[in-house]
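Okay, structure first, notes after.
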Amino acid sequence: MKKLSYFCILSLVSSLLSCKDANQELLNNISGVWKVDQITYTSYPYAVPDSVVKYPSGVLQFDNCQLTGSIRECSGFYKLVNSEVVSIVYNANAARNQTFISIMSSFPKFINLRGAYTITRSGNQMTLSGPQENIIDYKGQKIKIQLYK
């Protein structure tokens, strides 16, 4: 029984450490300045976009941060065409073969991108897709943000 308890504790600790490494790898993978190509809004349950907004000079920056015992959140910002700089706080999760970030707050709330986004990255392109149906600001819409470096 003692060996079984030791094995369970060792398994739990190693899984937590590997999860932390995967989360840090995700943060490293998305860090930097990304140019915003477009943001697409689509209402549930439809697949046809309600609107596609181009942002030729927009940027989204994810700061390069290191996860430690006390640091669980990262910061960054986005600036879209003719808008002010919006600071964001986000975290990352690479568990269960999903990669996503959660933008937990944005200040000021001129253009609010708060919510959870699934990340797809291919080379110098990245897409953030967010089912936003539970966020009141989006009134049942989902959002897809297309970015490139």
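Taking the Cβ of each residue in Arg114, Arg72, Arg121 as the centre, tally the other Cβ atoms inside 10 Å and list the residues starting with the fewest.
Fewest-to-most ranking of Arg114, Arg72, Arg121: Arg72, Arg121, Arg114.
Near the amide H of Val89, within less than 5 Å, lie the amide hydrogens of Met104, Ser105, all on another chain or at least 5 residues away, with H placed in the peptide plane. Under 19 Å between alpha carbons, and skipping anything fewer than 8 positions from Lys144 in its own chain: which aspartates and glutamates qualify? Of all the aspartates and glutamates, those that pass the test against Lys144 - Cα under 19 Å, at least 8 places apart if same chain - are Asp37, Asp50, Glu133.
The numbers here are math on the coordinates, done by the rules we state, and not lab data. Computed from a predicted model, the values in this text were never measured in an experiment. Positions of Cβ are generated from backbone atoms using ideal geometry, with glycine treated the same way; all protein chains shown enter the neighbour counts.
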